Structures are given as C-alpha cells and as structure tokens.
Amino acid sequence: MSDPIDTQGPAQAPAGGASGIGSKAVKASVWVMGGVVFTRLANLAMTVVLARILLPQDFGLVALATTVLLMLQAITDLSLGNALIHKQDADRADYDTAFTLGVLRGLLLMAIMIGAGAVMVKVYNDPRLFAIMAAISVRPLMAGLMSPYYITLAKHLKFSVVIAIESLAAVLQLVAAVAVAWTTHSYWGIVAGVIAAGLVPLVASYLYAPYRPRFSLASTKLILGFSIWVTLNQFITVIGNRFDNLVIAGVLGTATFGAYNVGNNIATMLTQQAIQPLERVFFPSFVHIAADRDRLRAAFQRSQSSLFAVGLPLGVGLALVAEPLVSLALGPKWHLAAVVIQLIAPVLGVQVVFGAVNAVAYAQGATKDLFQRSLWQTLVRVPVVLAGLYFWGLTGLLVARILSGGLLLSVLNLMLVQKLTGLTPLEQVKVTWRSLVSTVVMIAAALAARSLFPNVEHHADALYATVAISIAGGAAYVITHAAVWFMAGRPGNSIEAELARLLSKTTGRFARLRNA
C-alpha cells in the first residue's frame, strides 16, 4: 500500500475558499463534540465502576505515576503535529523527521520513567510504584511509533475517522480497566486501561494513514523552530498545574491524594476536557484566516461566545450537583471528591472561554507569547499553592487554585487575546453576558430544587436530587439563554446563531433529498 503523501503530494488547504473552510469547520466541530460526549461518558463510567471496586489509595498510586508521565511528556513535547499543520506544504522529509523525533522521544521517556520509578520507591516508601512506573512507560513509546501521516486527517478537518478511533480507544480502556480490576481488585486495573487506550490509535494510525517508517532528521531545524516555544510553554504549564499532585501525596498521603485526584479529574473531564478537543478544529481553521485580522477577530469572538455558553453552565452545574452525584456514583468513601468538585469545577468552567487562545497563538506563530503567559502564572501559582497547602491543608490548596487558576489566569488570557487579536478585555467579556445572566437564573432554580431534598442518605435520595437539580438548572439555563438572545436582537456571534445556521443547513439538505 502506497504512502498517501507520496502519491497525492503535499497536503493542500481545504477547497472551497472561505465558505468551504467554514463549512468543514462546522462539520468537524459536530464530529468532535459528538466524540467528546461519547469518550467522556465512557471515561466517567470507568471512573464510577473502578471507584466501586478499588480504594482511594489505589487511585493515588497510579495517579502519582501518571503525574510523572504527564510532566515528562510536557517537558519533552515537541508539538510535532502542530508543526506539520502549521507548515501547509509539508513534504515526505518533514513527516519522516517527525516520526524519528517521536520515536527517540518515546524511548527517552521510557528509560526516564523506569529510572524515576526507583527514585519514587524511596521517596514515597512504596515498592509498588516501580512496577507501575515501568508498565506505564510504554505509553510514550506507543505514541512515538504512530504514523506521522495521521495528522493529515486533522489538517484537512476530517475528524470523523479520528473521533471513531478515539471512541474505540475509550471503550477498550473501559473494558480492560474494569476486567482487570474486577479480577485482581487492585490498581492494575487502572494501569491496564492506560496501556489499552494507547494501543488503538497506534494500530489505527497505520490503517487509516499508511506509512513506511523511515528515519530522518533532515527537517529537525524547521520543526523545532516552530515547537521550541511550545515545548517551553508545556514545560512551564505542567510544572505549575501538576507539581501540587506530588506534594499532596507526600504531605497528606496517597488515600487523600486519590480522592482529590478523582474529584479533580471528574471536574476537568466534564468541563475543560469536554471542550478542549475543539482546539483541534480551531487551529487549522484559524490558520487559513490568520492573515485577515478582521475575520480572525470575528471568528475568535464567535468561539468565545459559544465556548462560554457551554463551559460555564457545565462547571457551575457540576458544582451544584456534586454532593448527590458523588454519593450516587462513587459512594460515601469519596466525600472528599465532592468537595474538590464544588470548588474547582466553576473555575474550570470559566476558563473554557479562553479555549481558543492557544489555537489563535499557534495560527499566528506566537508560541513565545504562550510561554510568557504560562511563566507568569507558574511564578505566582507555585508559592501561592504551597503556602495554602502548608498553612490550611487541602482547603488552602483549593482556595489557592481558585485564585491562581481562576482570577490570575483570566487576567493573563484577557491580555494575551488583546495582543493577538486587538480585542479589548471589555469586548471579550461583552460576548459572555447572556451566559452570565442565564447562569444566575440556573443557580437559583438548582438551589430551589436542592432544597426539596434536605437529607441525602440513601441511593434513592441521591438519584432524585441529582435528577431534580440537573433538570431544573438545565431547563432554566437553556430557556433564559434563548429568551435573552431574542431580546438582544439575535446577535450573530452566539451559539444560538451557530445552531440556527447548522439546523438550517440540515433541514435544507433533507428538503432537497425529499424533493429529489
């Protein structure tokens, strides 16, 4: 089977001009969001089932290993895929270089993970960590061995195959994790899921983007020229966002860290991770209009309005329903996870509005600005979080995260967007006012529904409270948002307008088919 780039030539921009790009971006967004919903539900189901089988300490042990892996991956992240997307005329030498660098990085991380496992055994006085670290170390190597041509699917905004593969990976992770956990009643279930999730994209990348491995470093300078600031940004970001995991485990113990990590993962999974994949659509879409400042500003504000309209109610709503939801899904031994969700989820929901900032920076090649933003956040966040943990324990840590990850990061993002697009902070905030008003109404409705269930002592109580709060809050938000949109004159830079355009295209297509 021939290589697609060899036979078809370098990747081309999507056909059809601006309208073609917009149409493909809308279709890609639908595929991505559909896949996100499925994979997040699968991940949530896996967390719920494993929480019933395993103990918080089991989650804490594996979370320590995955934290180290995530930090190492970020420190060595070469952003090879983004570099290939950014270079629209990438040739065979570029893809061979990306593959070679990916394999070398995977081997390096594998060796470091095994060595770090021996160190962590002594630091945390737990010999189980070495085997866990050694097993998980295969993940970066599997990622490095993937076909580099796989990125062309995203480059052409063809996300249907990508989402199908990611959905299959989520299912395999769920099955493997639950099967091993049920059999062994140990943390090896979580480890098995981590490894299984990396196997599917590795195999599928060669099925859908055939590639004959060839080692080359011919384009190293070009690729690293784009990715050096991305790597530094990832390094600073992961240090700022993940260092507290290692500290909590050492100070408060692996059981407390396990509960904290599960709560944090659920909050992140249902807010930022639910929206984050859309950056894969934003980036290649913004690349094609980066030279047109007016179009870029308009596109960015549409993304801001739509992201905030989804992210804010997700974060706030999750906090409102956290107590009965955790009691219902995880059980009473995970009460601490509910506290984490209540404090962290709203902050993560607010930050969703800046989900397209990275994509704009990548499209403009302004990766150095991303690094500077992350550097300032880390310089403030590290001492603030350490002080909060030292003086007030876990509560102090959570409050410190609200201040550094919520207030400070919002200010930094507002300033960065102004530099990249020219949009003032006021212009950025103005497109979110309908979501803010609707969220206030949602909170009132959800609290009224929660008052009907003063005591949640049994599964039935937790179920009724979860359903009542979700329905009351969700309905209040949607109705208010739609009503305010009509009252505001149905502005075009809104999620309602995007949905209306998508619905119009869909009904028009069905009408043409019916007439035919």
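The values are calculated or read from the model by the stated rules, or taken from the named source; none is laboratory data. Computed from a prediction, not measured in an experiment: that's the story for all the values here. Positions of Cβ are generated from backbone atoms using ideal geometry, with glycine treated the same way; all protein chains shown enter the neighbour counts. Ligands, DNA and RNA are stripped out before the accessible areas are found, and what is left, the full protein with its side chains, is counted by its heavy atoms. Shrake-Rupley method; radii C 1.70, N 1.55, O 1.52, S 1.80 Å.
Summary table
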read-out: Residue list for the range 350-378, filter: modelled with pLDDT of 90 or more and under 22 Å from Thr47 (Cβ atoms); value: none
read-out: Hey, Ala500 closer than 28 Å to Ala319 by Cβ and either modelled with pLDDT under 90 or touching an Asp or Glu at 6+ places or on another chain (Cβ under 9 Å) (or both) or not; value: no
read-out: Ala329, sole failed condition from (1) of a type outside the set (Asp, Glu); (2) out of contact with any Ser or Thr (no Cβ under 9 Å at 6 or more places or on another chain); (3) surrounded by fewer than 24 Cβ atoms within 10 Å (Cβ to Cβ); value: (2)
read-out: Meets criteria (of a type in the set (Phe, Trp, Tyr), modelled with pLDDT of 95 or more and out of contact with any Gly (no Cβ under 6 Å at 6 or more places or on another chain)) for Tyr477; value: yes
read-out: The one condition in (1) of a type in the set (Val, Ile, Thr); (2) out of contact with any Ser or Thr (no Cβ under 6 Å at 6 or more places or on another chain); (3) at pLDDT below 85; (4) crowded, with 21+ Cβ neighbours inside 10 Å that Val281 fails to fulfil; value: (2)
read-out: Val347 being at pLDDT 85 or above and part of a helix (DSSP H, G or I); value: yes
read-out: Among (1) of a type outside the set (Gly, Ala, Ser); (2) out of contact with any helix residue (DSSP H, G or I) (no Cβ under 6 Å at 6 or more places or on another chain); (3) under 12 Å from Val321 (Cα atoms), the one test that Val478 misses; value: (3)
read-out: Conditions (1) modelled with pLDDT of 90 or more; (2) open to solvent by less than 30 Å² (accessible area, probe 1.4 Å); number of the one not met by Tyr464; value: (2)
read-out: Of residues in the range 202-252 being assigned to a helix (DSSP H, G or I) and among the charged types (D, E, K, R), the one least open to solvent (accessible area, probe 1.4 Å); value: Asp244
read-out: Residues that are in contact (Cβ under 8 Å) with a residue 40 or more places away in the chain and closer than 18 Å to Thr439 by Cα, drawn from the range 479-495; value: Thr480, His481, Val484, Trp485, Ala488, Ser494, Ile495
read-out: Entirely in the range 1-104, the helices (runs of 4 or more DSSP H) that have 2 or more residues that are open to solvent by less than 10 Å² (accessible area, probe 1.4 Å) and at pLDDT 85 or above; value: 17-53, 56-75
read-out: Out of Leu420, Leu414, Leu408, sole residue that is surrounded by 15 or more Cβ atoms within 10 Å (Cβ to Cβ), at pLDDT 85 or above and more than 30 Å from Ile341 (Cα to Cα); value: Leu420
